[in-house]
1. Of everything in the range 146-168, what is part of a helix (DSSP H, G or I) and either among the charged types (D, E, K, R) or free of Cβ contacts under 8 Å to residues at least 40 places away in the same chain (or both)? Give them in sequence order.
2. Does the range 105-131 hold any residues that are surrounded by fewer than 16 Cβ atoms within 10 Å (Cβ to Cβ) and more than 23 Å from the chain's Cα centre (by Cα), and which are they?
3. Out of (1) assigned to a helix (DSSP H, G or I); (2) surrounded by fewer than 21 Cβ atoms within 10 Å (Cβ to Cβ), what's the single condition that is false for residue 469?
4. Where the second residue is open to solvent by 80 Å² or more (accessible area, probe 1.4 Å) and assigned to a loop (DSSP other than H, G, I, E, B) and the first is within 13 Å of residue 157 (Cβ to Cβ) and lies in the range 110-139, which pairs have Cβ atoms under 7 Å and are six or more apart or on separate chains?
5. Would you pick out the residues in the range 1-27 that are β-branched (Val, Ile, Thr) and over 13 Å from residue 193 (Cα atoms)?
6. List the strands (runs of 3 or more DSSP E) inside the range 246-345, counting only whole elements, that have at least 3 residues being in contact (Cβ under 8 Å) with a residue 40 or more places away in the chain and at positive phi.
7. Can you find a residue in the range 186-195 that is among the aromatic types (Phe, Trp, Tyr) and open to solvent by 10 Å² or more (accessible area, probe 1.4 Å)?
8. Given the conditions (1) within 19 Å of residue 170 (Cα to Cα); (2) at pLDDT below 85; (3) surrounded by fewer than 14 Cβ atoms within 10 Å (Cβ to Cβ), and given that residue 293 satisfies all but one, which numbered condition is not satisfied?
Amino acid sequence: MICITVTPTSRTLVKADLLNAARHGDIIELCLDHFVNEPDVKDLITAVDKPMIVSCRRPQDGGKWKGTEQERLLLLRQAIVAGPAYIELDLDIADQIPRFGKTQRVISFTRLDRPETDIDGVFDAAANAKADIVKFAWPTPTLDAAWPLLAAVSQKRTLPVVGLGLGQAEITFSLLGMKYGSPWIYAALEQGMEAYPGQATVFDLKDIYHSDGITPKTAFVAVAGFGESQTVTTKVLNAGFQHLGGNVRCLPIELGDLRQLKKMLDVLKIRAIIVQGAHGQSLLELAEHVDKHDRQSGYLNLLLKRDDGWHGYNTLWRSSLKAVEAELQPIGKTLATQNVMVIGNGGMAQSMVHAITQRQGLVSVCGPDDKRAQHTAQVNNCRFVPFQNLYETLSDIVILADPQISSGTRHGQINPSLFRPNMTVLDVSNLPIENSLMQEARDRGSKVISSANIYMDQLNGQFKAVTGKDLPESAYVAGLAE
């Protein structure tokens, strides 16, 4: 079930929010701490036919309450008399508000600094405070941090347990919670109405993550990272999984301690990781079996678990090479006759330098961090260009291969004057999202290779490796529609 959090400030507009939440959720949480003026709780809980949780959180628990503690306790006592289905009470004040009527008590323990370690102790204290349901909430920036919260929810206990991950990676816990038996998960009604920063909306859950179909038998494919490109990838892949009719979903994860990651992936039965962006370099140490060329590229964007361990692949450099050579072939040129400039520091730049060297291209590497760029050049036995000399270096092809690259005139930025007519430019830094420099290249007459085409080719390869089937075109349309 999905509990939609409603955080109204206006007593006049709150009923519209409650009615909207009732259309999309199974339970509604009414947060009293956001109101400017005290509401009539009895009137509000009778406005909709869905069960309602009434809460009023202090700032130290992530809430917006500005009154005194005595005023808050009085408001909670009045709220429980109004007869909501649930009342949320902080563990430390639960004994000051007695049980009343049929309202069930959600005894909540929140910490904003780190995950709790004494879960059993907190659970026992909540049970002694006459809890009907125990709630835990703490930051979940990585899968490591979400792990104890998931354990608290999924273990069989004498009382039901719900959890709320705080921060952007909260969606990781929510999706796992749906699979592993959480009584409900939390979502905001819409952007701007989050109970905590980074909370997913109910529309994110349904439209991006296809949460309606998640069951205990759902298999997850991990997608590393939480940026815009990862969201697009999740939408495309989930549309593809739905097209095939399988019970498979993408699970966004933020990588933490790689030493623990293998164990957690095994427990969760996750057998594939798809990478967008800069994570690919760090995942090299996770893979036990990697093709020689992919290992030399220094970057992986797909990991598959097979019987003999994790296999790593780099589909990025192959898709990029295919796109560049398709551009050169009609004019009778090859990479061996082209001066290629790879701009960037990190795994993607290393990957693209390796790709061009496989075709004997005349490759140079340049990045805002000269030391890192020089190291990449040494590893690949190619030319290093100091960043200050970038504009003096002849280039037929320019490859943007670092998500930190931006347009501008400050140190570390790229001045669009770099681009010239007849120069070929491609951007692999944040596929399929296109760097603003690409439009600058078009405006200056450069030949621009579509980032979307490279992305589609590499994602199809990843999807086929996971499912054995091509990614349907309709999935691209669904994922790239916006």
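1. 146, 148, 149, 150, 151, 152, 153, 154
2. Filtering the range 105-131 for residues surrounded by fewer than 16 Cβ atoms within 10 Å (Cβ to Cβ) gives 112-114, 117-118, 120-121, 124, 127-128, 130.
117, 118, 120, 121, 124, 127, 128, 130 - these are the residues of the range 105-131 that are surrounded by fewer than 16 Cβ atoms within 10 Å (Cβ to Cβ) and more than 23 Å from the chain's Cα centre (by Cα).
3. Failing condition for residue 469: (1).
4. Going by the 7 Å Cβ cut-off, the qualifying pairs are 127/158.
5. 2, 12, 27, listed by residue number.
6. Working: elements: 248-253, 272-275, 302-306, 309-313, 339-343.
Strands (runs of 3 or more DSSP E) meeting the threshold: none at all.
7. Among the residues of the range 186-195, not one is among the aromatic types (Phe, Trp, Tyr) and open to solvent by 10 Å² or more (accessible area, probe 1.4 Å), which makes the answer no.
8. Looking at each condition in turn, residue 293 falls short on (1).
The values are calculated or read from the model by the stated rules, or taken from the named source; none is laboratory data. Bear in mind the structure is a predicted one, so any value in this text is a computation, not a measurement. So basically every Cβ, Gly included, is an ideal-geometry build from the backbone, and we count neighbours across all protein chains shown. Heavy atoms of the whole protein, side chains included, go into the accessibility calculation; ligands, DNA and RNA do not. Shrake-Rupley method; radii C 1.70, N 1.55, O 1.52, S 1.80 Å.
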